[in-house]
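Inspection log for the structure reproduced underneath, given as structure tokens.
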Amino acid sequence: MKYTPQEIIQYTAEEDVKFIRLAFCDVYGKQKNISIMPSELERAFEQGIGFDASAVRGFGNEARSDLMLFPDPDTLSVLPWRPEHGRVVRMFCSIKKPNDQPFECDTRSLLVKAVEDARAQGIEFSFGSALEFYLFKLDENDNPTTIPYDTAGYMDIAPEDKGENIRRQICLHLEQMGITPQNSHHEEGPGQNKIDFRHADPLTAADDVMSYKTVVKTVAHSNGLYADFTPKPLKDKPGNAFHINISVGSDKHHTILPSVIAGIMKHIKDINLFLDPCDASYQRLGKFKAPKFISWSGENRSQLVRIPAAKGEYRRAELRSADPSANPYLAYTMLIYAGLDGINNNLYLPPVADFDLFSADESVTKDFDTLPESLAQAKKLAAESGFVKALLPQRLIDIYCK
């Protein structure tokens, strides 16, 4: 929905809104917020609300500590788990310096620019997100354990699947916030769950990822559980994936999805740091269907990219290497630019790999390039990449690489 600041101010007065959460995230995608009262809304829209950036990872130091939050009125959403009387709403924000200049490490604004750059070429990207998470029990002090909530497996049902009602509650909350899940089910790991979302424009899709993680953690805690989105919560069990479904349309080009995927495969090693940004990310890759090789296929889930058989609006490609520790704004930014490079240079996909790379003989796999095998290697590749340097502020690269 498109709202004006004045409509938001009027809404808060008419709907008994008492608190407005101004949400943003640090460079690694960890959500933050500050709550203001309705009387501060007009100032927030016109002048911004200041906060101490030196306390946020990657945002500043004591000498450069002031930044300003400007709420995006189009992202207004009621938080359904808060009281109906004295409601709480949330808006995502752009971040600026006190001199009204954009803050270079505001990853949401980087994504806005990437979308605009694509649109200037007549190209529209859409992303659909699917993030997995584990549900763990809490101890007597409400601290997380690594004891799974159940021992169910892939798409099992109740009573083995104890997460059924929790997923239902999550989906209902998301719908109340204007986010529509496509499906939900138990995943392969004990206590592991997954919810898929219909594709949306990149900014909405990234905002929805942030909302989704908040809702999941909130609902889990209200049920006496802990929701774990880390890449590898249990050593010998499947890791948590962040599968990204990519769609692209254009009035000027025809059948450009293969070129988009070719561009992503060309640059995947350089941008992998922003899809798998922590040590545990590399404990997940290459195991339990998480890809290791830079390859693509149709139905084969051992590949980096899967392009399922579909037509029209359902034509998409699924990138399977990312995990939920990624900042979705930064991940989508890099995928857009990699895809644009594939289009602009008319790149072609390499030969399809319609076989299981996990069981294939080394004589076959030796011909395939691989994703980075460690966080250190991913950092080195990103730091030395001309592609990355041309797109991201050096300060942001340094934060991730050093």
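For the chain, the solvent-accessible area of protein heavy atoms averages 46 Å² per residue (probe radius 1.4 Å; ligands and nucleic acids excluded). The reciprocal of the average 1/r between distinct C-alpha atoms defines the Kirkwood hydrodynamic radius, which for the stretch 1-97 equals 13.9 Å.
Other residues lying with their Cβ under 13 Å from the Cβ of Ile336 contribute a combined charge of -3, Lys and Arg counting +1, Asp and Glu -1. Partner lysines whose Cα lies under 24 Å from the Cα of Lys137, excluding those fewer than 8 positions away in the same chain, are identified as Lys30, Lys162, Lys194, Lys213, Lys217, Lys232, Lys235, Lys237.
Taking only the C-alpha atoms of the stretch 48-180, the Rg (one decimal) and the largest Cα-Cα distance, Dmax (whole number), read 20.4, 58 Å. Within the accessible area of the stretch 163-240, the carbon and sulfur atoms contribute 43%, probe 1.4 Å, all protein chains present.
Would you work out what percent of the accessible area of the stretch 60-161, with all protein chains in place, is carbon or sulfur (probe 1.4 Å)?
48
Evaluating 6.51 cos²θ - 1.76 cosθ + 1.60 at θ = phi - 60° for every residue in the stretch 24-31, the Karplus couplings come out as 7, 9, 6, 5, 8, x, 7, 6 Hz, glycine and proline recorded as x. With all pairs of separate Cα atoms included, the stretch 223-377 yields a Kirkwood hydrodynamic radius of 16.1 Å. Sorting the Cα pairs of the chain by distance into bins of 10 Å, from 0 upward, gives 5, 21, 32, 27, 13, 2, 0 percent per bin. Quick one: Debye curve from the alpha-carbon atoms of the stretch 111-181 only, equal weights, vacuum; give me log10 I(q)/I(0) at q = 0.26 Å⁻¹ to two decimals. Taking Cα atoms of the stretch 111-181 as identical point scatterers yields -1.20.
Quick one: pull the percent of accessible area on the stretch 260-402 belonging to carbon and sulfur, 1.4 Å probe, ligands and nucleic acids left out. Before the final figure, lay out the partial values.
Working: 3030 of 6040 Å².
Solvent-exposed carbon and sulfur of the stretch 260-402 make up 50 percent of the total.
Calculated [222 nm] ellipticity per residue, helices only, for the chain: -9500 deg cm²/dmol; basis is -39500 (n - 2.57) per DSSP H run with n ≥ 4, divided by all residues, nearest 500.
Of the residues Tyr348, Tyr154, ranked by 1.4 Å probe accessible area with the largest first, the sequence reads Tyr348, Tyr154. Evaluating 6.51 cos²θ - 1.76 cosθ + 1.60 at θ = phi - 60° for every residue in the stretch 347-359, the Karplus couplings come out as 6, 10, 5, x, x, 5, 10, 8, 7, 7, 6, 6, 9 Hz, glycine and proline recorded as x. List the pair-distance distribution P(r) of the stretch 212-313, using every Cα-Cα distance, as the percent of pairs falling in each 5 Å bin from 0 up to the bin containing the longest distance, rounded to whole percents. In whole percents, the pair-distance histogram is 2, 10, 16, 19, 17, 15, 10, 7, 3, 1, 0. One decimal place: the segment Lys287-His85 gains 67.9 nm when fully extended, by the rule 0.36 nm per residue minus the C-alpha distance.
The values are calculated or read from the model by the stated rules, or taken from the named source; none is laboratory data. Bear in mind that the values here come from a model prediction, so they are computed numbers and not experimental data. Methodologically, a virtual Cβ is constructed for each residue, glycine included, from the backbone with ideal geometry; neighbour enumeration extends over all protein chains shown. With ligands, DNA and RNA removed, areas are computed over all heavy atoms of the protein, side chains included. Shrake-Rupley method; radii C 1.70, N 1.55, O 1.52, S 1.80 Å.
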